[in-house]
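This report concerns only the one structure given below.
No lab work stands behind these numbers, since they all come straight from the coordinates. These figures come from a predicted structure and were not determined experimentally. FYI the Cβ positions are ideal-geometry reconstructions off the backbone, even for glycines, and counts take in every protein chain you see.
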Amino acid sequence: METVTKGLFINGSWKVKDRGYPLYAPYDGQLLAHISKADEGDVQEAIAGAHQAYETMRKLPAHKRAEILFKVAQQLKERKEEAARLLSLEAGKPIRTARAEIGRTVTTYEFAAEEAKRIYGETIPMDAAPGGEDRLGFTWREPLGVVVAISPFNFPFNLVAHKLGPAIAAGNTVVLKPAEQTPLSSLLIAEMFQQAGLPAGALQVVTGSGRELGDALVSDDRVKKVTFTGSVEVGKRIKSKTGLRKVTLELGSNSALIVEPDVPIEKIVPRCVEGAFAFAGQVCISLQRIYVHESIYQPFSEQFIRRTEQLRVGDPLDEQTDISSMIHTREIERIDTWVKEAVEAGARIGCGGRREDSVYLPTVMLDVKQDMAVSCQEVFAPVVSIVPYRNLDEAISMANDSNYGLNVGIYTQNITNAFQAAREIQSGGVIINDIPTFRVDHMPYGGVKESGYGREGIKYAVQEMTELKFVSIKTQF
């Protein structure tokens, strides 16, 4: 791959900076590109340009916004293999998984194009209240203005689409700050939006350090909404600086799954292994805690470990690879410390539990206690715990014993138990008869507790990125 210098995308032009940083592939350390590093002045320029472009975007007809989004989806579809390879290199995502993400991203932009044409209001029966006679009431939704979108490394195409798609569908402008490790995907998407005819300034991409740019991005009064996916710590800091302006926060998780004794374990184990180890567990709703009824705990654990040991570890560009590198060596060191601390406190390693170069082997933990870091914190790594329970009430209690609440799953053939879990589990989503890692791109998605608030899923994100306006007309004087 030819090493290039990539610029910021500001007001429809590419701006190469004198200062920058080298971008290396997580798996083998090869130099991928030199990335321009934005400063506070660049952020101000980007916000000012987006603010000015909003006057054009808010007047752009819905069918034009939809057309632009459809064109982006089509370009991405045509360049799918190029985009997947880019994703695999900069994120260390296995190529088959990368292709799946590109496919989902195409669908996400298509959903956004469709939603651009169905942003509805409603009529209000004004005469339902005394004094409302001879009046017509109705609502419509208006775009907010400048949206700042801050995205993580783990789904650099699709999570960006979940921010850009609804924002542009609604008629907003966006200043996008991608993760430092995965800027190339965002810059490619900016190129596609430019080719699709998005007005200059409607999308700005500033690359560089979140620590350096964060305050400038979220504190400016011209920014009407911030949508952020990342850590709880940063999410809380963003919220403290945004005041009354709108915020969507998709933060941490340590997703749990309950496995009831009436399910055929041989049919669900492969799916559970997939949920625990896809993209080396670096997924917000990665399966981290599995609570298995004590009557099937032993055979479930044995089958799960056996299946895990069959996973192929290696180069993300190898078609046979299931698991590749973690995003950074410091993350490998962190999870290795957590696993060792758990073992010292009495946990056992069923398999894995060590690193091989840039890869942390898929790891199954047994005899884990609720207060161990591998259970109560977000591992964001290929580590899963299997814990027995006596009855469903206990399993729900253990699943709820968490600061997070994004997705929780339950496998059961008992409809009463399924609805008990749906009612009592404290999370933004309850996934019945599948892993909590399940997500399709039009469903409402978001959490409670320290998993954040607000919802993604294109229709729901459009609502979060618009303001409801009410209009009343007195029909008779």
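Of note:
- In straight-distance terms, cross-link reach from residue 6 covers every one of the lysines whose alpha-carbon lies under 20 Å from its own, apart from those fewer than eight places away in the same chain; here that gives 15, 17, 37, 177.
- Averaged over residues, the count of other Cβ atoms within 10 Å places the peptides 226-237, 451-462, 466-477 in the sequence 451-462, 226-237, 466-477, highest first.
- As a calculated quantity, the FRET efficiency between residue 267 and residue 475 at R0 = 60 Å, using C-beta atoms, amounts to about 0.45.
- Residues residue 422 and residue 14, FRET efficiency given R0 of 41 Å [Cβ-Cβ distance, rounded to 0.05]: 0.25
- Take 215-224, 321-330 and order them by the average number of nearby Cβ atoms within 10 Å per residue, most first; the result is 321-330, 215-224.
- Positive minus negative residues near residue 62 (Lys, Arg vs Asp, Glu; Cβ under 13 Å): +3
- Cubic angstrom per residue, convex hull over Cα atoms of region 256-445: 116
- Residues of region 189-231 with amide N under 12 Å of the 7 Å Cα→Cβ point at residue 52: 200-202
- Checking the cross-link pairs 59/469; 93/239; 71/163 against a 19 Å limit on the alpha carbon distance flags 93/239 as lying beyond it.
- Distance from the Cα centroid of region 1-69 to that of region 426-477 is 28 Å (rounded to whole angstrom).
- Student exercise, the chain dipole from Lys, Arg, Asp, Glu Cβ charges, in Debye to nearest 20: 1160
- Radius ratio Rg over Rh of the chain, counting only Cα atoms, Kirkwood formula for Rh: 1.00
- Cα long-axis angle, helix 40-57 against the chain (0 to 90 degrees, to the nearest 10): 60
- Length-normalised contact order for the chain - Cα pairs under 8 Å, 6+ apart - percent: 18
- Peptides ranked, highest mean first, by Cβ atoms within 10 Å: ranges 267-274, 136-143: 267-274, 136-143
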